[in-house]
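Peer 1: Take this structure, written in structure tokens, and hold onto it; I'll ask about it next.
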Amino acid sequence: MFPPPNADETLYCDALAKLLADAAPVQRVQALDKAKAFDGELHAALAGIGAWGIGVDEAAGGSGGGPVLQVMTLERLGRHATSMAVFGVIQYMATRLLGQYGSDAQRQRYLAALCAGELRASFCMTEAGGGTDILTTMKTRAVKTGTGWRLDGSKYWISGASTADVLIVVARTGEHRSRGITSFLVPADSRGVTARALDTFAVNGYDTCELLLDGVELPADAVLGTVDQGFMQVLGTLNSERLNAAAVAAGIGRGAHRLALDYAKEREAFGRPIGQFQALQHKLVHAGVDLEAAWTLTLNAARLEEAGADVSVESAMAKLAASGAGQRAAQLGMDVLGGAGFDLDLPMQRYYRDIRLYSFAPLTDNMIANFLGERWLGLPRSY
């Protein structure tokens, strides 16, 4: 079991909570969600307390820290500003890939600026024909030219592509199924790059896009890491991505649960608060216990990863638990609020919509269960 937060973690979390209360009151978050607008002011404020540099060494322009502070940040954002929490998952994936695989020149160009909130990145792998089975369906290709590479293809369901400054694009460069994939750093304003925001029903404060790549010319030094090893590099980040997704899902669930609980204490029916009815009390209790269990799994896995352990199983368990607990909490919240759950000025409908992302991202719950069946329970591989 993990120890309680240390003094530095407590100090940081207190500062984060105050920042969110001051810079992103619920009315502002709801207004931006309805407008489908990114909260640039909140993004800058979070950069000001070092949130976007967590996991990056101070010598490289980051804030230090590691998986524990990342999940603490994302859980709190999930409770409050869900779209910014989703942005954070992509941010931490981008800075990790750059920190681990970027050249000195690439890190100098991008890493410190990302940590400072001066640049934004987008990770571009999924395509219209496949997500979970992307190795089979990937059609985006990069071919060598006399001066570097030419990139052609398209990506779909890409977070942040229309507002990013740099794109991490994963493309096929060889015929081997997994060792023929390369990652490229592509300036978003490159000739031949077109990003179109899709009209989605959730995570409204962070764009989801189609990305078109039409003869994009890249220099040789645009390769991130090693040619043909891009997918292997991405696999190395999956534990952290699952943990961070679990933290957001747990946070969204906790936000929905707190709102439902407050409403149950205040809303009266038949002369008493609806929270006095035993059936509702039991549902709120079970939802709360599920969320605490999911958060415990998440934080424990983050502590283990920070200590250097392989957390493949633990991160998968955390993601599966948090996704389910968050969805059940949001569903219960809508039930508790009744007609008030339809009010766009209240965040319950936002929690209910946004938590759906984590039923399939960064990997579907069914695929996570397949992985756990094989790696945790020792059952025959099912796919």
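The values are calculated or read from the model by the stated rules, or taken from the named source; none is laboratory data. Keep in mind the model is a prediction, meaning the values are calculated, not measured. Positions of Cβ are generated from backbone atoms using ideal geometry, with glycine treated the same way; all protein chains shown enter the neighbour counts.
For (1) among the hydrophobic types (A, V, I, L, M, F, W, C); (2) over 17 Å from the mean Cα position of the chain (by Cα); (3) surrounded by 15 or more Cβ atoms within 10 Å (Cβ to Cβ), each residue gets a yes or a no:
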{"residue": "320", "(1), (2), (3)": "yes, no, yes"}
{"residue": "328", "(1), (2), (3)": "no, yes, yes"}
{"residue": "334", "(1), (2), (3)": "yes, yes, yes"}
{"residue": "361", "(1), (2), (3)": "yes, no, yes"}
{"residue": "366", "(1), (2), (3)": "no, yes, no"}
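Peer 1: Residues in region 128-185 that are β-branched (Val, Ile, Thr), within 14 Å of residue 217 (Cα to Cα), in a strand (DSSP E or B) and out of contact with any Cys (no Cβ under 6 Å at 6 or more places or on another chain): how many?
Peer 2: Total meeting the criteria: 1.
Peer 1: Okay, next question. Do any residues in region 189-206 that are more than 18 Å from residue 120 (Cβ to Cβ) have Cβ atoms under 7 Å from those of residues that are in a strand (DSSP E or B) and among the small types (Gly, Ala, Ser), where the two are at least six apart or on different chains, and which pairs are they?
Peer 2: Once the first residue is more than 18 Å from residue 120 (Cβ to Cβ) and sits in region 189-206, its partners that are in a strand (DSSP E or B) and among the small types (Gly, Ala, Ser) give 192/215.
Peer 1: May I pose another question? Can you work out which of the residues in region 278-302 that are within 22 Å of residue 313 (Cβ to Cβ) and of a type outside the set (A, V, I, L, M, F, W, C) is nearest to the chain's Cα centre (by Cα)?
Peer 2: Filtering region 278-302 for residues that are within 22 Å of residue 313 (Cβ to Cβ) and of a type outside the set (A, V, I, L, M, F, W, C), the one nearest to the chain's Cα centre (by Cα) comes out as 298.
To keep it simple, each residue is scored yes or no on (1) under 21 Å from residue 249 (Cα atoms); (2) among the aliphatic types (A, V, I, L, M).
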{"site": "316", "(1), (2)": "yes, yes"}
{"site": "321", "(1), (2)": "yes, yes"}
{"site": "328", "(1), (2)": "yes, no"}
{"site": "348", "(1), (2)": "yes, yes"}
{"site": "351", "(1), (2)": "yes, no"}
{"site": "363", "(1), (2)": "yes, yes"}
{"site": "370", "(1), (2)": "yes, no"}
{"site": "375", "(1), (2)": "no, no"}
{"site": "382", "(1), (2)": "no, no"}
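Peer 1: Any residue in region 212-221 that is closer than 25 Å to residue 353 by Cβ, outside the structural domain of residue 36 (by TED's automatic domain parsing) and modelled with pLDDT of 95 or more?
Peer 2: Checked region 212-221: no residue is closer than 25 Å to residue 353 by Cβ, outside the structural domain of residue 36 (by TED's automatic domain parsing) and modelled with pLDDT of 95 or more.
Peer 1: So which of 136, 73 ends up being closer than 20 Å to residue 234 by Cα and hydroxyl-bearing (Ser, Thr, Tyr)?
Peer 2: 136
Peer 1: Shifting gears a bit: Could you tell me whether region 139-159 includes any residue that is closer than 27 Å to residue 249 by Cβ and more than 17 Å from the chain's Cα centre (by Cα)?
Peer 2: yes
Peer 1: Now a separate question. Out of (1) among the basic types (Lys, Arg); (2) touching a residue at least 60 places away in the same chain (Cβ under 8 Å); (3) surrounded by fewer than 17 Cβ atoms within 10 Å (Cβ to Cβ), what's the single condition that is false for residue 272?
Peer 2: (2)
Peer 1: Determine, yes or no, whether residue 184 is more than 18 Å from residue 361 (Cα to Cα), in the same structural domain as residue 130 (by TED's automatic domain parsing) and among the aromatic types (Phe, Trp, Tyr).
Peer 2: Against the criterion (more than 18 Å from residue 361 (Cα to Cα), in the same structural domain as residue 130 (by TED's automatic domain parsing) and among the aromatic types (Phe, Trp, Tyr)), residue 184 qualifies.
Peer 1: Which of the residues spanning region 188-237 are within 18 Å of the chain's Cα centre (by Cα), assigned to a loop (DSSP other than H, G, I, E, B) and closer than 19 Å to residue 135 by Cα?
Peer 2: 236, 237
Peer 1: For region 282-304, check the following and say yes or no: at least one residue is closer than 28 Å to residue 92 by Cβ, surrounded by fewer than 23 Cβ atoms within 10 Å (Cβ to Cβ), out of contact with any His (no Cβ under 9 Å at 6 or more places or on another chain) and of a type in the set (Ser, Thr, Tyr).
Peer 2: Scanning region 282-304 turns up at least one residue that is closer than 28 Å to residue 92 by Cβ, surrounded by fewer than 23 Cβ atoms within 10 Å (Cβ to Cβ), out of contact with any His (no Cβ under 9 Å at 6 or more places or on another chain) and of a type in the set (Ser, Thr, Tyr).
Peer 1: Does residue 245 fit the bill of being within 28 Å of the chain's Cα centre (by Cα) and either surrounded by 13 or more Cβ atoms within 10 Å (Cβ to Cβ) or free of Cβ contacts under 8 Å to residues at least 24 places away in the same chain (or both)?
Peer 2: So residue 245 passes the test.
Peer 1: Out of curiosity, is residue 321 hydrophobic (A, V, I, L, M, F, W, C) and touching a residue at least 12 places away in the same chain (Cβ under 8 Å)?
Peer 2: Here the answer is yes, as residue 321 does meet what is asked.
Peer 1: Could you go through region 30-48 and let me know if any residue there is in contact with a His (Cβ under 6 Å, 6 or more places away or on another chain) and outside the structural domain of residue 347 (by TED's automatic domain parsing).
Peer 2: No, that holds for no residue.
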